[in-house]
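**Q** Just passing along the structure, written as structure tokens.
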Amino acid sequence: MKKALSFFFIVFLFIKIFYANGIGNLNNRVSKGIEDFFIGKYNINISIVKFDNYSGLSNLAAQKYYQLLVSRLESNKKINFIDLMINFDKNKGEFNLTRRNELNYLIYIKMIKNKNKIGVGTVIFSKSIDKIVYIKYFEDIINNEEKDILNIRNYGFKESVFFKLIELDSEINLFDIKTVRDLKGEDRYFFLYPEKIDIYKLEGNNLKKILSIKLKWKRPFYPTLEPEGRLLVFYFKNILYLAAGNNFSPVSKFFMFNENKWEELTDLDFVPFRFVELNGNYYIAGANYEYGMNYFNGKIVLAPFYSGNINYEYKLEKGVPLFYSIDFSTIEHRLNSAHIIDKNYNFRFYSADFTEQSVEKEKRGSSLCSMSNKWLVISDYSKLNDKLFFYKIESGAKSLIYETNVNGEVVFISSGFWKKADGFWVFVKKMKRYINEFKLQFWSKNNE
Amino acid sequence: MNSNYNSGVRTMSNLTKIFVLLLIVVVMFSIKTNYGGNITIRLNEPSSLSFSSSNYSDLIFSSLIHENFFYLKDNGDIVTYIFKDYRYDKSKKTIFLKLKDNLSFSNGEPITIKDVKNSLNSFLNQNFLSSKKMRKIIKKIYVEKDIAYIELLYDNPDTLTLMTAPELILLSEKYQVFTGLFYPAEWVKNQYLILRPNKFYSGGRAYIEYIRVSFSEDYLPDVFLANPGTFSGSSYNEFKSGIYENIYICFPEEKIGQNSKIAFYTLLRQYYKSVGLTELNSLTSDEESPVSINIRKLSNRRMRSILRYSKIELYIISSLKGDDENFKEFLRKKGLEIDTIYVSGSNLQNLLDNNPIKYLLIQKLFKKKTLLEEKINKIVREMSFKRFNEKYLKLINELDEVKFLNNEELLIDQISKIIDKIINDGFIYPVAQKRYSIVMKNKIKGIEMDYYGRPLFQKARLDK
């Protein structure tokens, strides 16, 4: 009976929202107003730089309205809309204003409540003439059922949903996984373990091991309660490089694929994360673990790289708090932003010059990864019932688009591909009948 | 209707309980382990940083800085942090110990398989019962590459369990270093000792930033020893240690008058009663011993008259040093002068071999679960000193034989015979017993108690 009632309630809600899509109507009118204003204007960059919510809608609901508006403006090919939101808290949006100089028009949005209606005030400011050039107010009824729907946390846009494409059984001590397409167009999958890197190729739906590289670690050696490591694979001038580090050795192994074999290069004195370009120079970005621990010391290392050589003399160091994980968003290799889960499980967002842009107050898990400067995934602050939070990070923004439950604990997340789908590898530890099981999952978007 | 209503309420209440429990479980396990923080443990001040198992406090302290070859968990599992692989080959009657790669002492110097062999030999040369048992089984020990081979005289798969003895620790011959989870960083005598994580610890660096071993009563520690059931507090948990410590007065030399022995025994019984310890009327514990020992006690006047004119030098095992001030005050009140000399466990045998020691106050630690015959064996082998003779050897061998007959009555009878012989020979009298629980703050998680009653701090962490 209860189930039947729940079903009825859900159906009722959807019928209601179908017939009473007040937020959609409101968005249509607001976005149309903005689009109309920009008719006839070309090569302009616009962005919302201020978003205040006085409507009585929850933070989550207001954020969803923002996403609806952004989604509509981004889909308009005639204007170049840049999403700069990095956080939404206490009814105010926080924006990455380091790109302010690139903008021609700034948009201020304010949501208010007018009796039983929700209103949106839009102001457009022209930087070239230093004046407000557009002011418009629209309102619509948003009934309680619709508000309820807006406040459901798992609600996401259909086109944004990530789903689990595959799940594989895994060895217990998998540290990291990377994928790369070689120069012949064949896919290669690199699996990092404590003492080896296994390289696989795809045959049908199966992975076939083609090579195993032994990793020989020497003293000083710092045994750990929870060993972990990172793998970096990148092409530079058509040569494939491979680097692997961990939390029990102060050095990382570095290899170059030369004449059909892996040649070991000089050890790196840090754990590599990404190959990045900064101000026209190439670097291997990484950091050092606090030896034997599962967090990194507060220094990001940028080691200049040129054709297999590391120039330690010009090594750059950037100070950040102690952190569990970091990833860099890059366009091609150009460093765009850095994302950190610090030792207190707070998410921190940094611009390309390592200026801190925001710190999230809500705690997150210790795993995070970004992909193609477009998506960022973070695990949850929980061990038994973990979650994945998918953020859109294009253009220096950070908007929570979708979240989903994961059965088990997320150990690490790594970006990559499976067949033709881009997405995230997620390594999960599950407890089944008092025994730990390890699963490697691949999450991808259904329309990408 | 009414009963239905009540049952409904009960169901709701149970559901709520389950929900709350689930919530607690989720919160308990929320996310990764917290790093950092410190734990204060109140223990007796050790006499040195060398390994000691002569009392419970020393046993716990030693387990923090010295690494055992193996640990025996309460459920019978054997765990090691220094061997990559270990196994017993029945056909070759040999135990193989393969060292983990790249292990280091606390100073970063490499641990080699030779250190394993030397540590094993050092253990076998000691006077512990566990050492003696192992000596009887082992044919030879040799090393090849990174593997140590222990060849046995006969098939004995239980040898691995014997190797879980707390006394079998990994040592360095060359350096004054440590192999345990922590290393001593700062020692302020009579106050505290700071232990910091050994970053080369074979089992993985500790989560805790440091441990403060406190010897004073300045403030309530996070972990301390207490009499079972005597401490209650909502923010503390009590763990039964399964351990008791017995105090004995030994008379290693034969030339001591019976009156002097009894007078001294009377004095010690009075003292330990005055400081709240349980009187001990058996060699092991009163509830398990088949024989009660009733040694007559003298009146105060008689005792004083005997002891006042005896020039007594009392050698005391250093683990009892914490009682020194109380004991001296007690003697002062009794108007007696007795010289007290403290000796460490490691020097004791050497001292006994070269000096005529008449009075020796000693302490021994027992695991409650240990079989009675094992305890008696330990008492005979570890405390008879020069008085160990052929008769004892014969009695012990007979005890070993009886064990295999699987006849409980015969076994107890043999134990009784040995106890009777010991007491009649008069070289050891039981004085008092201490029992312990470990009391620990709730915020400390991840501590496991091993079979020998030691709290293992390898995965200890603090809940925020």
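Rule-based calculations on the coordinates, nothing more; no lab input. None of these values were measured; they are calculated from a predicted model. Here Cβ is always computed from backbone atoms with ideal geometry, including for glycine, and neighbour counts include all displayed protein chains.
**Q** Among A:Glu167, B:Glu373, which comes first, second and so on when ranked by fewest other beta-carbon atoms within 10 Å?
**A** Ascending number of Cβ neighbours within 10 Å: A:Glu167, B:Glu373.
**Q** Same structure again: Take the Cβ-Cβ distance between A:Tyr137 and A:Lys315 as r, set R0 to 45 Å, and report the resulting FRET efficiency rounded to the nearest 0.05.
**A** That pair, A:Tyr137 with A:Lys315, gives E of 0.25.
**Q** Would you mind calculating the relative contact order of region B:67-173 from Cα pairs under 8 angstrom and at least 6 residues apart, reporting the percent as a whole number?
**A** Across region B:67-173, relative contact order equals 35 percent.
**Q** Rg (Å, one decimal) plus Dmax (Å, integer) for the alpha carbons of chain A?
**A** Computed over the Cα atoms of chain A, radius of gyration and Dmax are 23.9, 74 Å.
**Q** Something else about it: With 10 angstrom as the radius, rank A:Glu146, A:Glu360 by how many other C-beta atoms surround their C-beta, starting from the fewest.
**A** A:Glu360, A:Glu146
**Q** Helix A:22-37 against the longest principal axis of chain A: what's the angle in degrees, Cα atoms only, rounded to the nearest 10?
**A** Approximately 90 degrees, to the nearest ten.
**Q** Restricting to DSSP H runs of at least four residues, report the calculated mean residue ellipticity at 222 nm for the protein assembly as shown, -39500 (n - 2.57) per run over all residues, nearest 500 deg cm²/dmol.
**A** -7500 deg cm²/dmol
**Q** Let me ask something additional. Within 10 Å of each Cβ of B:196-205, how many other protein chain Cβ atoms are there on average?
**A** That average works out to 5.
**Q** Something else about it: Could you sort out which of B:Lys133/B:Lys403; B:Lys90/B:Lys403; B:Lys273/B:Lys328; A:Lys361/A:Lys398; B:Lys114/B:Lys174; B:Lys132/B:Lys394 sit more than 18 Å apart by Cα distance in this structure?
**A** Too far apart for the 18 Å limit: B:Lys90/B:Lys403.
**Q** If you take the square roots of the eigenvalues of the alpha-carbon gyration tensor of region A:251-336 and sort them as a ≥ b ≥ c, do you get rounded (a/c under 1.5), prolate (a/b over b/c) or oblate?
**A** oblate
**Q** Any idea what the dipole of region A:321-448 comes to, in debye rounded to 20, about its Cα centre with Lys/Arg Cβ at +1 and Asp/Glu Cβ at -1?
**A** Rounded to the nearest 20 debye, it is 500 debye.
**Q** Given the options B:Ser130, B:Asn156, B:Leu171, identify the residue whose Cα lies farthest towards the positive end of the charge dipole of region B:67-173 (+1 on Cβ of Lys, Arg; -1 on Cβ of Asp, Glu).
**A** B:Asn156
**Q** Whole-Hz Karplus ³J(HN,Hα) for region A:242-248, in order, using 6.51 cos²θ - 1.76 cosθ + 1.60 and θ = phi - 60°, x for Gly and Pro?
**A** Ordered by residue, 3J(HN,Hα) equals 9, 9, 9, x, 7, 9, 10 Hz.
**Q** Under a 5 Å amide H to amide H cut-off, with H placed in plane at 1.01 Å, what residues pair with B:Ile111 once short-range neighbours are removed?
**A** Amide H neighbours of B:Ile111: B:Leu103, B:Ser104, B:Phe105.
**Q** Can you sort A:Lys374, A:Lys214 by how many other beta carbons sit within 10 Å, fewest first?
**A** Lowest count first: A:Lys214, A:Lys374.
**Q** With the contact rule set at Cα under 8 Å and sequence spacing of 6 or more, what percent relative contact order holds for chain A?
**A** So the answer I get is 11 percent.
**Q** Relative to the first principal axis of the alpha-carbon coordinates of chain A, what is the inclination of helix A:59-74, with its axis defined by its Cα atoms, in degrees from 0 to 90 and to the nearest 10?
**A** That helix lies at roughly 90 degrees to the long axis.
**Q** A further question on this structure: How high is the FRET efficiency between B:Ser305 and B:Ser122 when r is their beta carbon distance and R₀ equals 51 Å, given to the nearest 0.05?
**A** 0.60
**Q** Taking every alpha carbon pair in chain B, what does the distance histogram look like in 10 angstrom bins from 0, in percent?
**A** Result returned by the calculation: 4, 18, 26, 25, 16, 7, 3, 1, 0.
**Q** Something else about it: Let me check against my output: what whole-number percent is the relative contact order of chain B, with C-alpha pairs under 8 Å and at least 6 apart?
**A** 22
**Q** On to the next question. Dividing the Cα radius of gyration by the Kirkwood radius, what Rg/Rh value follows for region B:411-464?
**A** Taking Rh as the inverse mean 1/r over Cα pairs, Rg/Rh reads 1.31.
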